[in-house]
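Beneath this line is the structure, given in structure tokens, with notes to follow.
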């Protein structure tokens, strides 16, 4: 294998038996703190907010170091909400359509309509049942 990688055999064995560096140990300790911070935030925070949490508890580290550790361990920020998908060709799942898209009435206060789809509930796939 050393011949294939074009490295000295002695250098490979020296690397193999070398103890973990102080920097690597500190990265492992920071990784545990980063995972705790993300768990406390519900998996939403990215590197900037995680860095803020670390600095609140008294840790001294740089923003690039936190970003590098998160990138190496595939820890990413949650980004936005999923776009609503229209249900084409199917009747309403939420409530029956009593008006059949006829919004004009002969007298006032006979029917009332509203649209609450803009309200974010914070739960994915949450559907009101009437």
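The values are calculated or read from the model by the stated rules, or taken from the named source; none is laboratory data. Quick caveat, the model's predicted, so the values are computed rather than measured. Quick reminder, even Gly has a Cβ in these numbers, built from the backbone with ideal geometry, and neighbours come from all protein chains shown.
Summary of values
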quantity: Some residue of the stretch 46-58 being assigned to a helix (DSSP H, G or I), loosely packed, with under 10 Cβ neighbours inside 10 Å and out of contact with any helix residue (DSSP H, G or I) (no Cβ under 7 Å at 6 or more places or on another chain); calculated: yes
quantity: Residues located in the stretch 1-45, provided they are assigned to a loop (DSSP other than H, G, I, E, B) and either under 18 Å from residue 74 (Cα atoms) or modelled with pLDDT of 95 or more (or both); calculated: 41, 42, 43, 44, 45
